[in-house]
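Have a look at the structure below before the remarks.
Bear in mind that the values in this text are calculations on the coordinates, not laboratory data. This structure is a prediction, so every number in the text was calculated from the model and none was measured. A quick note on method: Cβ atoms are made from the backbone with ideal geometry, for glycine too, and the neighbour counts reach across all protein chains shown.
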Amino acid sequence: MKRIITATMLALSVTAAHAETSISKMPEHIGFGSGAAVGAAVAGPVGVVVGGTLGALIGHDVVQERVLARKNQELADLNREIRDARSQLAHVNAEQAKTQAELVALQELLTDLSVAVHFNVNSAMTAKQYRQALKAVAKASRSIDGLTVKLVGHADPRGPESYNQNLSEARASSVGQVLQEVGASPMTIQTEGRGEREASVKGQDVHYALDRRVDIQLSFDGKKTGEGLYSVR
């Protein structure tokens, strides 16, 4: 009996010593101490060793279960973060697709758009009233990659054909010069003069004012729809 009490006290003192050493391994020490006490009561000193060993193993299993539970929680948190990231990515992709569709629509609109600058008789001077509109065209040419501005000059049918050809070219160059003054790059501007070839029917003076013009035509360098819509300049 005395031997059992001694063994039990020894087991308890070992338990206390291990508990003070490490809090993180407390289940192992509790298991060791409990197993040792039970072993001492059942089989004396040999029981102390066997019971302590079994108790340590049991305590170790408890620690492992807690570690595994923590790892499972971390994995669950990580999976939740991945789901959130995928949801955000899907939202970004949807917004990008919407923006791309809007840009394609803008490209189609600009391609079909033609703006005219009109001139006085025998004049190739661009009127100041068009300067604000030309600023908008220049800004678009800088902001949209691949956008080019084609300037097609015209003249009314009165006068020699060669004179009208030169006048139409001068008018196109005049508008191009203003575009450069308000910020357009010369690389984005093309000019052409068509003289009186596309003028109204001769003899109808009421239409002559419409013939004295430069058509501003926007295009995208022959790129497919959807390409080159973002600015790199």
Next on the checklist: Using 0.36 nm times the number of residues separating D84 and V182, minus their current alpha carbon distance, what extension gain do you get?
Outcome noted: 30.6 nm
Item to check | Antiparallel %, DSSP beta bridges [both residues in segment 113-219], to 5 | outcome: 70 percent
Checklist entry - If each residue's Cβ is checked for other Cβ atoms within 10 Å, how do K135, K128 rank with the fewest at the top? => result K128, K135
Item to check | Per-residue HN-Hα couplings for segment 142-156 [Karplus 6.51, -1.76, 1.60; θ = phi - 60°; Hz; x = Gly/Pro] | outcome: 7, 8, 10, 5, x, 6, 10, 10, 9, 10, 10, x, 9, 9, 6
